[in-house]
Each structure stands twice: as structure tokens, then as C-alpha cells.
Amino acid sequence: MTSPTAVVINFNVGGKRYEVSRSLFESQSDTMLAKIASSKQCQEDPESETIFIDRDGTIFGYVLNYLRDGKVKLPITERKDTLGRDLEYYNVDYDADKIDFDDAKEQMAKLIPAYEYCMQILKDQSESAHTLCLTNCIAVYCVEQFFLQHIFGQKNGSSTSGCGPPAQPSANDLKAIKATASPRSFG
């Protein structure tokens, strides 16, 4: 005995491809997506056509998650109002309180791999003005490395082919940071 296979609808949203079960939209019959899924074209041969939607493909994934679960957690790199606009565009009734962010500390650690290292240095240092200045310099260094490598594709001013996590500061980098943060430089 064979089980019936789910009818799959293919979407291309902003260049990202999604295969979505038609049953996801059945409980949300007033949405634009449900109307597309129930259109004559999708009824006859849903898998033969790809439906193109000129919207942000990444956000569409969160829209689908909201439809599946009735709630969604966004990474800190996304904005709630952007998802809200797309939910409105697709005519999805939503509760803004059901849109939340993932744990910020965990997200920050993913965005800036040296985050934990910098936080440990902050914890290990005393509260003196010199130490506070030093830790601020280290934090600036970590953020600078993140932006150089992840945003501009550079490390220490030179072009790189890929974007990996920034390296921990070398001994020479730490010496330069300490020299910059020395009490003498505050005059």
C-alpha cells in the first residue's frame, strides 16, 4: 500500500528556491500564497512550474516558518519590520509578539568570532583606567577585524579571497594595542 505523496509547489523568491507542500497553505486560505497554491495552474501540474515572486528570498523563509509554527525567531541580522512588511505583502495575519530574536549573545558570538575572547579579557582585567582603555582597544580591534574581513573581504588592509572568522590578535597586534593604550598616550 502506497501513501499519497504531498503536492509540492516550487517558488523562486528573489533567486532563492523553495519547495513547499501545498498543505501548508490550506490552513491560511486568505493569504496570497494560498491563492497561488489553489490557482488553476497549480492545481493541474504544480511541480512543472516555478512561481517567481520578486521579494527578499531570505525573508520568505521566515514567512514560511511563521506559517508553519505561528511564531518565528530571527537572527539579529534581520529586522522585525522587514518581516512584518512581507507578512503583510503575502496577506498573512500575524501577531508581532510572536516574532522574536534568537539569543543575542549566541548570535553575537557567531557574528564576531573573537567576541568570547574579548569578553574573557574584559573579565580577567582589573577596573583601572589603563586596563579599561586596553580592553576598549581590544574590542575595537575585534570589531575592526570583523568589518574588514566580513564586510569588505579584507584582513589588515589586504584583499582576501574568502570571508572566514578573524584570527585572534597576534602577539605583535597585542603589543601594538598595549602601546596605543599606555597611560603615557593620554598625557
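Put Val7, Val13 in order of accessible area, highest first, and with a 1.4 Å probe you get Val7, Val13.
For Glu26, the accessible surface of its heavy atoms amounts to roughly 130 Å² (probe 1.4 Å, protein chains only, rounded to the nearest 10).
The values are calculated or read from the model by the stated rules, or taken from the named source; none is laboratory data. Quick caveat, the model's predicted, so the values are computed rather than measured. Heads up: the accessible areas ignore ligands, DNA and RNA and are worked out on the full protein's heavy atoms, side chains in. Shrake-Rupley method; radii C 1.70, N 1.55, O 1.52, S 1.80 Å.
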